[in-house]
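> Here's a structure for you.
The values are calculated or read from the model by the stated rules, or taken from the named source; none is laboratory data. No experiment lies behind these values; they were computed from the predicted model shown. Positions of Cβ are backbone-derived with ideal geometry, glycine not excepted, and every protein chain shown enters the neighbour counts.
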Amino acid sequence: MATLSLLAGLALTPATVAAAPPADRIGPGKTLVTLSGGAAPGSRAGSSRDGAVIARVRRMLNALPVYRPALVCPDDLTVPSVLAFYRTPTASPYARVSFQLGGCPRATVTRGGRVVGPPLGGPRLLATIDAIRTLIDRPNPTA
């Protein structure tokens with residue numbers, strides 16, 4: 001009850017809510033990330049085992065805002081790009097992020113076949129997937 005009375009005295013302002021840290025949807029401890037799919041002709045899979053690259057990709061994804069869909073989204077016939085995070089290279093993916101870039105662009109995070117939170121999106125979504133693709137496509141001596 002003491003906690004409730006302390007919390008009752010706090011007023012959440014829009015600035016307080018906006019300053020809240022992003023959800024850590026993709027946690028640390030991954031050793032491999034792969035990117036596959038996409039609608040671009042000749043799209044290919046890429047991967048990285050570089051811990052710095054994986055950490056940067058995680059930060060970029062966790063910083064995306066929650067997706068707020070339009071009332072009506074146009075049909076989406078594109079093939080999604082899919083990021084898969086692995087704890088070990090031989091295990092099943094720990095988490096997947098599916099980027100649907102046509103229609104109403106959004107990214108959906110799943111772990112163990114279950115969706116984690118609402119979809120992600122925002123005006124930086126396309127730039128984020130492009131930056132991730134560039135990071136993963138960079139030559140990597142540890143891959």
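> Quick check on region 14-27. Is at least one of its residues at pLDDT 90 or above, surrounded by 11 or more Cβ atoms within 10 Å (Cβ to Cβ) and not hydroxyl-bearing (Ser, Thr, Tyr)?
No, region 14-27 contains no residue that is at pLDDT 90 or above, surrounded by 11 or more Cβ atoms within 10 Å (Cβ to Cβ) and not hydroxyl-bearing (Ser, Thr, Tyr).
> Of all residues in region 58-88, count the ones that are more than 20 Å from residue 122 (Cβ to Cβ) and either among the charged types (D, E, K, R) or modelled with pLDDT of 85 or more (or both). Write out each step before concluding.
Residues of region 58-88 more than 20 Å from residue 122 (Cβ to Cβ): 75, 77, 79, 84-88.
Those still in the list that are either among the charged types (D, E, K, R) or modelled with pLDDT of 85 or more (or both) too: 75, 84-88.
Residues in region 58-88 being more than 20 Å from residue 122 (Cβ to Cβ) and either among the charged types (D, E, K, R) or modelled with pLDDT of 85 or more (or both): 6 in total.
> Output the residue which, of all residues in region 47-58 that are in contact (Cβ under 8 Å) with a residue 60 or more places away in the chain and assigned to a helix (DSSP H, G or I), is farthest from residue 105 (Cα to Cα). If you could, list the steps in order and put the result at the bottom.
So in region 47-58, the residues in contact (Cβ under 8 Å) with a residue 60 or more places away in the chain come out as 47-50, 53, 56-57.
Then keep just the ones that are assigned to a helix (DSSP H, G or I); that gives 53, 56-57.
Details: 53: 24, 56: 21, 57: 18 Å.
Checking each candidate, the answer is 53.
> On to the next question. Going residue by residue through region 59-75, is there one that turns out to be outside any helix (DSSP H, G or I), exposed (fewer than 14 other Cβ atoms within 10 Å of the Cβ), among the acidic types (Asp, Glu) and without any contact (Cβ under 8 Å) to a residue 60 or more places away in the chain?
Scanning region 59-75, I find at least one residue that is outside any helix (DSSP H, G or I), exposed (fewer than 14 other Cβ atoms within 10 Å of the Cβ), among the acidic types (Asp, Glu) and without any contact (Cβ under 8 Å) to a residue 60 or more places away in the chain, so the answer is yes.
> Would it be correct to say that residue 128 is among the polar types (S, T, N, Q) and in a strand (DSSP E or B)?
no
> Out of all the residues in region 112-142, which are out of contact with any Leu (no Cβ under 8 Å at 6 or more places or on another chain), hydroxyl-bearing (Ser, Thr, Tyr) and modelled with pLDDT of 85 or more?
134
> If you scan region 83-114, which residues turn out to be within 12 Å of the chain's Cα centre (by Cα), among the β-branched types (Val, Ile, Thr) and surrounded by fewer than 18 Cβ atoms within 10 Å (Cβ to Cβ)? Quick ask: steps written out before the conclusion?
Keep residues of region 83-114 that are within 12 Å of the chain's Cα centre (by Cα), which gives 83-85, 95-100, 106-111.
Remaining after also requiring among the β-branched types (Val, Ile, Thr): 97, 108-110.
Correct list: 110 only.
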